[in-house]
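What follows is a single structure, written as structure tokens, with notes after it.
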Amino acid sequence: MTFGNSFYEITAILVATALFGLIGLRLRQPLIVAFLAVGVLVGPSGLGIIENHEKIELLAQIGISLLLFVVGLRLDLQMIRTVGPVALATGLGQVIFTSFFGFLIVMAMGSGVTGAVYIATALTFSSTIIIVKLLSDKKEIDSLHGRIAIGFLIVQDVAAILALIGLTAMGSGLGSNGQTDARVFVIVAKGLGFLAFVGFMMRFVLPRVMSRMARSQELMVLFAISWAVLLASAGDYLGFSKEVGAFLGGMSLASTEYRDAIGARLTSLRDFLLLFFFIDLGSRLDVTTAGMQIGKVGILSIFVLVGNPIIVMAIMGYMGYRRRTSFMAGLAVAQISEFSLILGALGLSLGHITPEEMGLITLVGVVTICASTYMILYSGPLYERLAPLLGCFERKNPFRETEASTVGQCEAVDVILLGLGQYGGSLAENLIERRKRLIGVDFDPQALARWREKGVPVIYGDVGAPELLDQLPVNCSRWVVGTMRDRSVSLTILKLLREREFRGKVAMTARDEEDAAALSAAGAHVVLRPFSDAAEQGADALTEAMYALPDGVDWPLAVREIRLKPGSAFSGRPFKDIPLRAETGVSIIAVSRAGKDHFELDGEFRVFPGDRLVLMGDPDDLTRAQDYFQRRSESEESGTPDDSFTVAEIGVSQDSAWVGKSLENLRFRQDYGVNVVGVRRGEERIVSPKAHEVIRAGDRLIIVGSADSIARLKEGHSL
């Protein structure tokens, strides 16, 4: 089937890819498998739609360059340090084991030395992209085995790049008799010069350039693509592969704060262009020779599916991890990756391997990717069946498990603030004033620089990009607050937080009542209304002006209205304990609370945050009185705990003195100044329990009171 038109040809390929992708999605298979199947279908072995491979190959090369660029961009060496020596030990151990024994197996099958080196090397690498996707879908990306798996996959990525460099050098430096000649030294010198250039750009040029480019996200993405393709071309010109240059391009931007935003923007483009690589690869696969290689494919697939996980389990078991953790992590290496196919394609282009050997690598990739996907998706039931046989992979004392399970835990924060514009910045200032720990997110480099100077942790990112949440410590935050005015973006954030099973609370910003209703219906716990709040503050200012004495009254007094802020030293105190007149000469003549004005104020009248106090006195004294009222409490200024409202949950053990007693008998209120507002009893929740409620072993009491009161209660209970 031929079209005679390149545009029609690519259209047919894309339509077939979409259909096969849908089938693969229903079968819960990675799209790589569907892309390879489309390649076989449209290639010479199938319908013969592809006539001109050059156009498909060009798109494939750009896709590969972007893939390696993004891999370099996200090369998080901190992850390796976070999971400790287990990432290096398992990553390098599995690479050495698989390459050595894989080489022996392939040699025993009759391959030449060069072909065996390529095939054995291809068997060592596992797909970081596929594993991250599967772990994310299963909500296991932050688990112990998930972190370890990502750590040793990064080690493998580094090893894959080194293998590409080495094989490229071998291809450029072998003479006719197979002996290394002077060209090896030339390419080494070129490589060192290339690295020096990239290092210089990374250290002195790129940070400044990216700071300017980041003012426009479209321009920043365009620059990133240009930089990736430029270094890919430079790598190819110097005698390396395009992949090596693109990887170094990504790595050179990995240290900038813009890497996550760039990666998020390039992901879709990378996936689109990369499909042409797999289609091109599949189209070159001669299915007529597949039957002749079934035996070899089976042996090598079993070696990858069984041998790779076993070596990971053996290393992790020896290092002191439980067998379940090592088994779950080991499944991450039970397939070969897109790097393996890229490596094989490189060897084929250099003439190091034959099309039959390339076909063998591709078929092993298809089999292992399909099988390992199901192994990871059903890892729980699979482990339950195999657990009795895995005892040899666990020490009697898996001492690292407890230690490792806490590695990588993020530091708790109160608020993740999405957007640091005018409203978000003001919100951040007030939160910091109330001593809340927050992380800010914005795409304005200048705004980020200002907040960074204030010591606030900030992240460059576009809140409209779904991938942004993967870079934030969402599960370690009590609140996620969005200040963006676009309702669709806010609804997307709410949806993504639900998918990630976020346990904290969410506040979103609404422009009007319609937006507020939609956000509340979507699950926002609090809806912020900047325009409504601004209108209320404007009304306060007008009210203050209305209180002012008329121009015709010649009297040295003025009236001012202030709002008592949370954290004021006088919150909750009666008038008799506020020496305002004695210290400033100003009097309180009225208090407005919840729409009601109070004019008859006795000494027992208490003021609370949110009250609007009407002050009267000399204009200069009023300014001092305003500062006087907004003074922070001594406990906040000193950083020591205060008597602020606190909620705690206390468990009741079997031997607790509380068991069998009623709340009335325990006298929580009288003895400790706290209230029991709820009891969690298994699946039952008792809200506002009565005084005669009897406490049972295993109950969990929800207590409210001051921090000091709850601390005294816990201390007394432990005694």
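Residues that are closer than 16 Å to HIS145 by Cβ, within 31 Å of the chain's Cα centre (by Cα) and touching a residue at least 40 places away in the same chain (Cβ under 8 Å), at least 1 per element: which helices (runs of 4 or more DSSP H) completely within the stretch 282-392 meet that? Steps first, please.
Working: elements: 294-302, 308-318, 323-330, 338-349, 355-377, 379-386.
The qualifying helices (runs of 4 or more DSSP H) are 308-318, 323-330, 355-377, 379-386.
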Check: Which members of the stretch 515-532 meet the condition of being crowded, with 16+ Cβ neighbours inside 10 Å, without any contact (Cβ under 8 Å) to a residue 24 or more places away in the chain and not small (Gly, Ala, Ser)?
Finding: VAL527, ARG529
Next item on the list: Go through the stretch 679-699 residue by residue and tally those that are surrounded by 15 or more Cβ atoms within 10 Å (Cβ to Cβ) and either under 11 Å from ILE650 (Cα atoms) or among the aromatic types (Phe, Trp, Tyr) (or both).
Entry: 3
Next item on the list: Go through the stretch 187-230 residue by residue and tally those that are surrounded by fewer than 17 Cβ atoms within 10 Å (Cβ to Cβ), of a type in the set (A, V, I, L, M) and in contact with a helix residue (DSSP H, G or I) (Cβ under 8 Å, 6 or more places away or on another chain).
Entry: 5
Checklist line | Criterion: within 26 Å of SER126 (Cα to Cα), at pLDDT below 80 and aliphatic (A, V, I, L, M) - qualifying residue of ILE165, ILE187 | finding: ILE165
Next item on the list: For the stretch 574-585, name all the residues that are surrounded by 14 or more Cβ atoms within 10 Å (Cβ to Cβ) and either touching a Pro at 6+ places or on another chain (Cβ under 6 Å) or assigned to a loop (DSSP other than H, G, I, E, B) (or both).
Entry: ILE578, GLY585
Next item on the list: Keeping to the stretch 690-712, report how many residues are in contact (Cβ under 8 Å) with a residue 60 or more places away in the chain and assigned to a loop (DSSP other than H, G, I, E, B).
Entry: 0
Next item on the list: Examine the stretch 143-162 for a residue that is of a type in the set (Gly, Ala, Ser), at pLDDT 75 or above, within 18 Å of LEU195 (Cα to Cα) and under 40 Å from the mean Cα position of the chain (by Cα), and state whether such a residue exists.
Entry: yes
Margin query: Here is a list: ILE650, ILE588. Which entry is surrounded by 14 or more Cβ atoms within 10 Å (Cβ to Cβ) and either modelled with pLDDT under 80 or under 51 Å from the mean Cα position of the chain (by Cα) (or both)?
Written below: ILE650
Notebook entry, point to check: If only one of GLY419, GLY347, GLY330, GLY307 is assigned by TED's automatic domain parsing to the domain that holds ALA163, touching an Asp or Glu at 6+ places or on another chain (Cβ under 9 Å) and crowded, with 18+ Cβ neighbours inside 10 Å, which one is it?
Noted result: GLY347
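Looking at the stretch 232-260, which of the residues that are outside any loop (DSSP other than H, G, I, E, B) and among the hydroxyl-bearing types (Ser, Thr, Tyr) is nearest to ILE187 (Cα to Cα)? Outline the logic, then answer.
To start, the set of residues in the stretch 232-260 that are outside any loop (DSSP other than H, G, I, E, B) comprises 232-237, 242-253, 259-260.
Next, only the ones that are among the hydroxyl-bearing types (Ser, Thr, Tyr) stay: 233, 237, 252.
Numbers: SER233: 16, TYR237: 11, SER252: 21 Å.
The selected residue is TYR237.
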Next item on the list: Mind listing whichever residues of the stretch 654-678 are farther than 14 Å from HIS692 by Cα and aromatic (Phe, Trp, Tyr)?
Entry: TYR672
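Could you tell me whether LEU494 is in contact (Cβ under 8 Å) with a residue 12 or more places away in the chain, under 18 Å from GLY421 (Cβ atoms) and among the aliphatic types (A, V, I, L, M)?
Values: in contact (Cβ under 8 Å) with a residue 12 or more places away in the chain: yes; under 18 Å from GLY421 (Cβ atoms): no; among the aliphatic types (A, V, I, L, M): yes.
It is false that LEU494 is in contact (Cβ under 8 Å) with a residue 12 or more places away in the chain, under 18 Å from GLY421 (Cβ atoms) and among the aliphatic types (A, V, I, L, M).
Would you confirm whether any residue within the stretch 307-314 is of a type outside the set (Gly, Ala, Ser) and more than 22 Å from LEU134 (Cβ to Cβ)? Steps first, please.
Residues of the stretch 307-314 of a type outside the set (Gly, Ala, Ser): 308-313.
With the extra rule that they be more than 22 Å from LEU134 (Cβ to Cβ), the set shrinks to none.
No - not one qualifying residue is present in the stretch 307-314.
Which of the strands (runs of 3 or more DSSP E) contained wholly in the stretch 417-516 include at least 2 residues that are on the phi > 0 side of the Ramachandran plot? Before the answer, list the steps.
Numbers: elements: 438-442, 458-460, 477-482, 505-509.
Where strands (runs of 3 or more DSSP E) fall fully within the stretch 417-516, none carries at least 2 residues being on the phi > 0 side of the Ramachandran plot.
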Checklist line | Candidate set from the stretch 1-60 (those that are outside any helix (DSSP H, G or I) and hydrophobic (A, V, I, L, M, F, W, C)); member that is surrounded by the fewest Cβ atoms within 10 Å (Cβ to Cβ) | finding: MET1
Item checked: Residue among ALA558, ALA535 that alone is more than 28 Å from LYS436 (Cα to Cα) and at pLDDT below 80 -> ALA558
Next item on the list: Among residues belonging to the stretch 591-618 that are part of a strand (DSSP E or B) and not hydrophobic (A, V, I, L, M, F, W, C), point out the one that is surrounded by the most Cβ atoms within 10 Å (Cβ to Cβ).
Entry: GLY617
Check: If you check SER255, SER233, SER337, SER268, which single one turns out to be crowded, with 24+ Cβ neighbours inside 10 Å and not acidic (Asp, Glu)?
Finding: SER337
Next item on the list: State the number of residues belonging to the stretch 667-719 that are in contact with a Phe, Trp or Tyr (Cβ under 6 Å, 6 or more places away or on another chain) and within 14 Å of ALA657 (Cβ to Cβ).
Entry: 2
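The values are calculated or read from the model by the stated rules, or taken from the named source; none is laboratory data. Here the structure is a predicted model, which means the values were calculated and not measured. Methodologically, a virtual Cβ is constructed for each residue, glycine included, from the backbone with ideal geometry; neighbour enumeration extends over all protein chains shown.
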